[in-house]
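Just below is one structure, and these are the notes that go with it.
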């Protein structure tokens, strides 16, 4: 098996009396997306800064693309791309000049830098605005240019620190599609985000940070399974049928709860097949149903469950 693209072993980072990261361990396979979830101050950006060589750890070790991030900073930097929470393009340069400048700084000849810039502008649908100053770009266009800039060196690993913050839904969807295309070609992505649907769509695995510690890790399906079962929600046509419906479901081995305000019965189920059992029990009891739905636990449930379990007073000044 190939070695992981990103590894962290017992990473800790302190700023004076404040512990921003506390014994963090993680591993990300090549060509996959790790979604990093956590509230402001959880330690997500600190972790990204250490893995991208911008900060040294206080203790512990980390390897990116096979190289130790403290001993081989130059080798790591040559293999990664980084997009921070805010677009960092030079607004006084055009889109193409931003990308050409980065290419030249990375050692490319002028012709090669221009070829790579043109290629990326096309990928990110910015060709029509290539010669415009970046200061005239919309927020979504700047974020796309920023991500394009992180790809000039064709990196093996990309760190995306809340890349869609502040974007409208259309621009966010466009960024998701770009990330998916990068992963299809073998790029490894570490994505920090506060959008749970973003992590659910993009991430192969997820780590939840709280107070600088990894409090949960696994695939989206595994984490959802930890916080609760599926449930069938039945909305009654006639609230007077509630007692009859509850008795019928209990007799069928499907104990349920009733919400009198919404006229809804919630039945926990293990498999989707049990949806049919709910329908049969209510049909045999001649209970009329207005609506029926099968619900899954969501990443919102996962995040809230772990955040509440570890929540405590946050010291002032903890980096995000």
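Evaluation of residue 248 against the conditions (1) in a helix (DSSP H, G or I); (2) closer than 30 Å to residue 173 by Cα; (3) outside the structural domain of residue 50 (by TED's automatic domain parsing) shows that the sole unmet condition is (2). Checking each residue in the range 138-154 for being farther than 15 Å from residue 90 by Cα and either surrounded by fewer than 19 Cβ atoms within 10 Å (Cβ to Cβ) or within 20 Å of the chain's Cα centre (by Cα) (or both) picks out 140, 151, 154.
Does the range 200-216 hold any residues that are under 25 Å from residue 172 (Cβ atoms) and either at pLDDT below 90 or not in a helix (DSSP H, G or I) (or both), and which are they?
Keep residues of the range 200-216 that are under 25 Å from residue 172 (Cβ atoms), which gives 200-210, 216.
Correct list: 200, 203, 204, 205, 206, 207, 208, 209, 210, 216.
Take the conditions in contact with a helix residue (DSSP H, G or I) (Cβ under 7 Å, 6 or more places away or on another chain) and surrounded by fewer than 21 Cβ atoms within 10 Å (Cβ to Cβ) and apply them to residue 296. Does it pass? Please lay out each step first, then the result.
Values: in contact with a helix residue (DSSP H, G or I) (Cβ under 7 Å, 6 or more places away or on another chain): yes; surrounded by fewer than 21 Cβ atoms within 10 Å (Cβ to Cβ): yes.
Yes, satisfied.
Against the test of being part of a helix (DSSP H, G or I) and modelled with pLDDT of 90 or more, the options 301, 283 yield a single qualifying residue, 283.
Give me a count of the residues in the range 16-38 that are more than 18 Å from the chain's Cα centre (by Cα) and part of a strand (DSSP E or B).
First, pick out the residues of the range 16-38 that are more than 18 Å from the chain's Cα centre (by Cα): 16-23.
Pick out the ones that are also part of a strand (DSSP E or B) and you get 18-23.
Selection size over the range 16-38: 6.
Looking at the range 79-93, is at least one residue part of a helix (DSSP H, G or I) and surrounded by fewer than 21 Cβ atoms within 10 Å (Cβ to Cβ)?
Taking the range 79-93 first, the residues part of a helix (DSSP H, G or I) are none.
Scanning the range 79-93, I find no residue that is part of a helix (DSSP H, G or I) and surrounded by fewer than 21 Cβ atoms within 10 Å (Cβ to Cβ), so the answer is no.
The residue list 131, 165, 170 contains one member that is under 22 Å from residue 203 (Cβ atoms), in contact (Cβ under 8 Å) with a residue 12 or more places away in the chain and assigned to a loop (DSSP other than H, G, I, E, B), which is 165. Please verify whether residue 54 is part of a loop (DSSP other than H, G, I, E, B) and either under 23 Å from the mean Cα position of the chain (by Cα) or surrounded by fewer than 16 Cβ atoms within 10 Å (Cβ to Cβ) (or both), treating the condition exactly as stated. Yes.
The values are calculated or read from the model by the stated rules, or taken from the named source; none is laboratory data. Because the structure is a prediction, the values reported are computed rather than measured. Positions of Cβ are generated from backbone atoms using ideal geometry, with glycine treated the same way; all protein chains shown enter the neighbour counts.
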